[in-house]
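Notes to accompany the following structure.
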Amino acid sequence: MYLLNIMRTPIHYIIMVCYTLLEVVNVEDMMVKKAEQSIMELIAARQEKMSKGHKKIAEFILEHGEDATFMTAAELGAKLGISESTVVRFADK
């Protein structure tokens, strides 16, 4: 039934809907990239005032952001030689 409706719809309406959907996806992508950039900027700005353990985490995130995204607190702590609780405290700030 849905296909029948599309077949009866003038092509310019279909193109307009597709274009609108693409714009929404692009806007969402831009918002995600802006949020990621803002978080990285915030970490970089606060890095000087961080404790030694938090600086290690910040450096790793700034250099390996995509890898850090998929790591648990335990994995990140083990990789950096710091406790899981330090990673959790970093995330809370």
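The values are calculated or read from the model by the stated rules, or taken from the named source; none is laboratory data. Because the structure is a prediction, the values reported are computed rather than measured. These area figures cover heavy atoms from the full protein model, side chains too; ligands, DNA and RNA do not enter into them. Shrake-Rupley method; radii C 1.70, N 1.55, O 1.52, S 1.80 Å.
A few notes on this one:
- More than 15 Å apart - percent of Cα-Cα pairs taken over the range 46-92: 32
- In order along the range 42-49, the Karplus-derived 3J(HN,Hα) couplings, from 6.51 cos²θ - 1.76 cosθ + 1.60 at θ = phi - 60°, round to 5, 4, 4, 5, 8, 4, 4, 8 Hz, and Gly and Pro are given as x.
- For the range 51-93, the share of accessible area belonging to carbon and sulfur comes to 52 percent (1.4 Å probe, ligands and nucleic acids excluded).
- Our estimate of slack between Glu59 and Glu75, defined as 0.36 nm per intervening residue step minus the Cα-Cα distance, is 4.2 nm.
- Between Glu66 and Arg46, full extension at 0.36 nm per residue minus the direct alpha carbon distance yields a gain of 5.2 nm.
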